[in-house]
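Here the structure comes first, spelled out in structure tokens, and everything after it is commentary.
Each value in this text was obtained by applying a stated rule to the coordinates, not by laboratory testing. All values derive from a computational prediction rather than experimental measurement. Here Cβ is always computed from backbone atoms with ideal geometry, including for glycine, and neighbour counts include all displayed protein chains.
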Amino acid sequence: MIALVTGATSGIGRDISRELVSRGIKVVLTGRNKENLAELRSELGKDMTAAIACDLGDEKACVALYNKLKDKNIDILINCAGFGAFGEFLNVPLKTELDMINVNIKAVHILTKLFLRDFVKRNSGYILNVASAAGFLAGPLMSTYYATKSYVVRMTHAIYEELRRRGSDVYVGVFCPGPVKTDFNRRAGVQFVTDGIESRYAAKFAVDRMFDGKLTIIPGAMMNLGIFALRLAPVKTALKAAYHLQRRKGEPPQYEEE
Ligand SMILES: NC(=O)c1ccc[n+]([C@@H]2O[C@H](COP(=O)([O-])OP(=O)(O)OC[C@H]3O[C@@H](n4cnc5c(N)ncnc54)[C@H](OP(=O)(O)O)[C@@H]3O)[C@@H](O)[C@H]2O)c1
């Protein structure tokens with residue numbers, strides 16, 4: 001089997017790549033950081049990996065990535081690249097948010113659609129989209145990030161139902177962890193108040209459940225319970241709770257005037 005993993009240069013995507021290689025699956029690693037790509041290739045073995053540096057914020061680069069790989073018999077697509085930004089909607093720079101929408105939504109959308117068409121034709125393949133527990137809520141002080149993850153959850157769930165009705169054997173699923181210890185916080189400018197789970201654990205959990213055919217993958221009983229409770233709560237109550245959760249992460253930053 002061959003997998004394409006986006007966001008393979010760091011955190012969850014890097015650990016999912018390690019997990020797949022440990023199961024004998026070859027991996028095409030992508031990310032922008034060429035040094036990290038080269039490092040991971042030497043760790044995992046050149047015979048088991050290939051690397052394509054790619055900025056998924058660029059729509060054309062997403063299509064070019066697909067075109068490079070469309071004849072390589074990719075069996076598994078893991079859409080893991082993504083990032084967040086902390087702050088009030090009024091203050092976060094528009095460019096940061098549009099970049100985020102490009103990586104967290106547009107790239108996931110493009111790669112899912114293009115690979116899914118091929119997978120459906122041959123009636124096999126796996127697509128795992130990495131969203132977040134944030135995908136089930138609105139997230140004051142991280143509004144765009146939460147909204148992007150909600151898009152990924154909803155799109156994946158809808159595709160699942162369409163495939164089920166076709167009787168397709170292609171798998172689609174969505175991974176929705178709570179906090180995971182990675183570089184995410186530093187890049188987003190936040191500190192988690194609760195300790196995250198280990199990235200290696202999250203990666204193994206995701207890959208195990210993907211091969212079990214699970215649609216929505218959420219590690220941790222407490223996280224499952226918390227998401228369930230917040231979804232049942234009245235919207236304004238859930239918003240207040242989400243705001244307080246975010247606010248405990250620190251003082252929202254004042255960004256430079258645009
Ligand atoms: N950590 C958490 O608590 C947590 C919880 C729930 C969900 N998630 C989700 O898990 C995914 C992975 O995040 P992580 O926690 O592993 O964070 P991370 O360590 O910061 O890794 C983010 C990855 O995304 C890639 N990326 C970002 N912008 C990109 C771009 N423009 N083009 C190509 N690649 C890009 C980065 O690669 P380069 O910098 O090399 O481009 C990096 O490999 C994200 O989608 C995140 O939303 C994280």
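Observations
- Residues whose amide H comes within less than 5 Å of that of V180, counting only those at least five positions distant or on another chain, are I197 (H built at 1.01 Å from N in the peptide plane).
- Helix-derived mean residue ellipticity, 222 nm - over the chain, DSSP H n ≥ 4, -39500 (n - 2.57), to 500: -15000 deg cm²/dmol
- Distance from region 54-114 to region 211-237 (C-alpha centre basis), Å: 25 Å
- Paramagnetic reach from T96 (point 7 Å along Cα→Cβ, amide N under 14 Å) across region 179-211: 185-191
- The chain: proportion of alpha-carbon pairs further apart than 36 angstrom, %: 11 percent
- For region 61-73, 3J(HN,Hα) computed residue by residue from phi via the Karplus equation (6.51, -1.76, 1.60; θ = phi - 60°) reads 5, 5, 5, 5, 4, 4, 4, 5, 10, 5, 9, 9, 6 Hz, glycine and proline entered as x.
- The 3J(HN,Hα) values that the Karplus relation (6.51, -1.76, 1.60; θ = phi - 60°) gives for region 36-52 are, in residue order, 5, 5, 5, 4, 5, 5, 6, 5, 8, x, 5, 6, 9, 9, 9, 9, 10 Hz. Gly and Pro appear as x.
- Cross-linked pairs K34/K95; K46/K95; K113/K236; K121/K214: Cα-Cα separations exceed 32 Å for K46/K95; K113/K236.
- Along region 140-148 the Karplus relation, 6.51 cos²θ - 1.76 cosθ + 1.60 evaluated at θ = phi - 60°, assigns HN-Hα couplings of x, 6, 8, 4, 5, 4, 4, 5, 5 Hz to successive residues, with x for each Gly and Pro.
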